[in-house]
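Structure first, then comments.
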Amino acid sequence: MKDYLVLISCICFLVFLIPGRFRKYFAVAGWASIVGYLFLELPYYFSINNFMYPAIALLSVPFLYITAKYLLREDPRVMQLSTIAAIAFLIYAPFGYIPALGDWLIATVAEQTSMALAAVGYPVNFETWNLMERNGFRTEIILACTGIQSIAIMLGVAWGVRSTTKQKLAGFLMVFPTIYILNIARNVFVITSYTEQWFPYLPEIAGNGEIGYESFFWAHNVMAELGALVFLVALAYALFRILPELGTLADGLYRLYRSEVEQIVGKQERSGAGS
């Protein structure tokens, strides 16, 4: 079911790119499908003790309410935000839904990660085309390990606003090689931390019953996730510098969502005071 929601979201956002009077409804459906997917993924994220995505799922509820409200009004800010999402899906879809292309990307990243591991003194063995082993610990490279989602999102950000061809090219050169190379470094860090058992701490929080999983938890679910978040914020700031229109959009969206959240909180406080 959850995979169908991703596909539905992708289709809806791609249809949204086609001019028409009903495009705003497709954008609403696209965002709603993403939120539904996040909630259906909660059992998996809880099983691996990953609490960042459950937090994102919780925050996505007011986000969806505000976004849908202003999409129906055809607010240019949320329409532009939906364009960014649509372009991101357009970039991601071939790798996500054409198995040969997705497998090619996974194999390429797995091979380059293996070469980088060997270069820093931690060589691995391939048990299958995308399953690495070292010291008895196995790590599988999947599509989420290729960085394609982050690349698609940030290229959507760079290309989803009005800009010149030169600015779009500059955005691509800033986003693609930077994220791709840093993602290889991220894979190297996570695999080395796990197979060398660098962080065997607090099993009551980080453990899931698998021997040695704690090191994977701290490296992948905490350090790599937080590091990626900080990096993406820094990359977004760099994009603001070369795409002034993006900074204007970000400021407008911030003001919109902040105002709506303040109104929601204010209503709840007044309701509590009157009860």
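A short reminder: the numbers here are calculations on the coordinates, not readings from a lab. In this text the structure is predicted, and so the values were computed from the model without any measurement. When we count neighbours, we look across all protein chains shown, and the Cβ atoms used for this are built from the backbone with ideal geometry, even at glycine.
I need SER47, SER193, SER9 ordered by Cβ neighbour count within 10 Å, fewest first. Spell out each step's value before the answer.
Details: SER47 10, SER193 19, SER9 22.
Starting with the residue having the fewest Cβ neighbours, the order is SER47, SER193, SER9.
Using a 7 Å offset from Cα along Cα-Cβ at LYS267, what residues in the stretch 70-103 end up with backbone N under 16 Å from the label point?
70-73
With helices defined as uninterrupted DSSP H runs, which ones in the chain have an alpha carbon span along their own long axis of at least 24 Å and mean Kyte-Doolittle hydropathy of at least -0.5? Before the final figure, lay out the partial values.
Values: long enough: 23-40 (26 Å, 1.00); 52-72 (29 Å, 1.42); 76-97 (30 Å, 1.10); 99-119 (30 Å, 0.82); 165-195 (45 Å, 0.80); 225-242 (26 Å, 1.94); 244-274 (45 Å, -0.60).
Membrane-span-like by this criterion, though nothing is claimed about a membrane: 23-40, 52-72, 76-97, 99-119, 165-195, 225-242.
Based on the Cβ-Cβ distance from SER47 to GLU245, what FRET efficiency comes out when R0 is 45 Å, to the nearest 0.05? Show your work: numbers first, answer last.
Values: r = 42 Å, r/R0 = 0.92.
Here the calculated transfer efficiency is 0.60.
Counting each DSSP H run of 4 or more residues in the chain as -39500 (n - 2.57), what helix-only mean residue ellipticity at 222 nm follows after dividing by all residues, to the nearest 500 deg cm²/dmol?
On the way: 12 runs with 203 residues, N = 275.
Counting only the DSSP helices, I get -24500 deg cm²/dmol.
Quick one: order ILE181, ILE106 by neighbouring beta-carbon count within 10 Å, fewest to most. List each step's numbers first, then the result.
On the way: ILE181 13, ILE106 21.
Ordered by Cβ neighbours within 10 Å, fewest first: ILE181, ILE106.
Taking a cut-off of 27 Å between Cα atoms, list the lysines near LYS69, but don't count ones fewer than 8 places away on the same chain.
Partners found: LYS2, LYS24, LYS267.
Name the residues of the stretch 139-176 whose amide N is less than 11 Å from a point 7 angstrom out from the Cα of ALA238 along the C-beta direction?
Answer for the stretch 139-176: 171-176.
Hey, could you pull the Cα Rg and Dmax for the chain, both in Å?
Just the Cα atoms of the chain yield Rg and Dmax of 20.6, 66 Å.
If neighbour count is taken as other Cβ atoms inside 10 Å, put LYS267, LYS69 in order from fewest to most.
Values: LYS267 10, LYS69 13.
Ranked by crowding around the Cβ, least crowded first: LYS267, LYS69.
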